[in-house]
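**Q** Got a structure for you, written out below as structure tokens; questions coming shortly.
Please treat every number below as a calculation from the coordinates, not as lab data. Since this is a predicted model, take the numbers as computed values, not measurements. Methodologically, a virtual Cβ is constructed for each residue, glycine included, from the backbone with ideal geometry; neighbour enumeration extends over all protein chains shown.
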Amino acid sequence: MGNSQASPLSASSASFVMASRAFSKQALDELRAHFSSLAAQSGTQGRAISRPVFLDYFGVRGALGDRLFQLVAKESSVEDGVTFEGLIITKATYERGTKDEADEFIFQLCDVMGDSILTRSDLEAVFVSIHETIFADNNEAKEGSNKSTFEAFLNSAVFSKDAEGVSEKSMSLSDFRNWCIVMPKLRKFLGSLLMPPDSGMCCHSADFPKKDVIPCSCIMTEVCSYSLH
């Protein structure tokens, strides 16, 4: 008699099965269609989305875009590419997980150096990326300086954690969560980077109600407003 016992799922397969449950069948079908289209443009024989295609589609510029790709690719089974399974696992945590799970992912996302130490330099790079992303189609605004505005916001952040081998204090996860309370629209922006792009919007998904759509201008308005406090 043959062995009728099913082979155990690999860790990645089990994670994908679990993550898939966070989406409706229609949502998964739509995501697979988007993935197939992007993978077809990537020169990977449809197996994965390449870094250039990923960054171009989601439109996240600079160090923040590179870090986003790195985190999603880490969940994938191919080298230097994003698989459908990796995309779903990431989106299930990042967009459909608990608040704590999403906060932890965004905390890792802002650690653009990827060294598990979130410093002021990381956050400065995040703000530069946000500025470049929001004003990607406006060269005059993109080249403008927001240094004083960003400085005011960064000065509100608390860095309470001692990190080995680093002279400056770093930000703990608790520090980061408290900091995000100051800027709810910024936190929502950072939590929406894997949503399908839409004209004039940074945060959009056909799978979410319209109240969750955030105009890009709101992010910069919130930052500018804080600098006047």
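**Q** If each residue of separation counts as 0.36 nm, what is the full-extension length gain between E124 and E30 once their alpha-carbon separation is subtracted?
**A** 30.3 nm
**Q** How many percent of all Cα-Cα pairs in region 80-133 sit more than 17 Å apart?
**A** Result: 51 percent of Cα pairs exceed 17 Å.
**Q** Also, quick follow-up: Report the extension gain between S77 and M18 in nm, rounded to one decimal, defined as 0.36 nm multiplied by the number of residues separating them, less their alpha carbon distance.
**A** Here the answer is 19.6 nm.
**Q** With r as the distance between the Cβ atoms of L154 and Q41 and R0 = 22 Å, compute the FRET efficiency 1/(1 + (r/R0)^6) and round to 0.05.
**A** Taking R0 as 22 Å, the efficiency between Q41 and L154 is 0.05.
**Q** Strictly over 19 Å apart at the Cα level, which of K99/K185; K74/K188; K74/K99; K99/K161 would you flag in this model?
**A** Where the Cα-Cα span goes over 19 Å, the pairs concerned are K74/K188; K74/K99; K99/K161.
**Q** So what J values fall out for region 85-101 if you push phi through Karplus, 6.51 cos²θ - 1.76 cosθ + 1.60 with θ = phi - 60°, rounded to Hz, Gly and Pro as x?
**A** Coupling constants for region 85-101: 4, x, 5, 5, 4, 5, 5, 5, 6, 6, 10, 10, x, 5, 4, 4, 5 Hz.
**Q** Let me ask another. Over all directions, the average projected area of the alpha-carbon convex hull for region 25-172 comes to how many nm²?
**A** The number I arrive at for region 25-172 is 10.7 nm².
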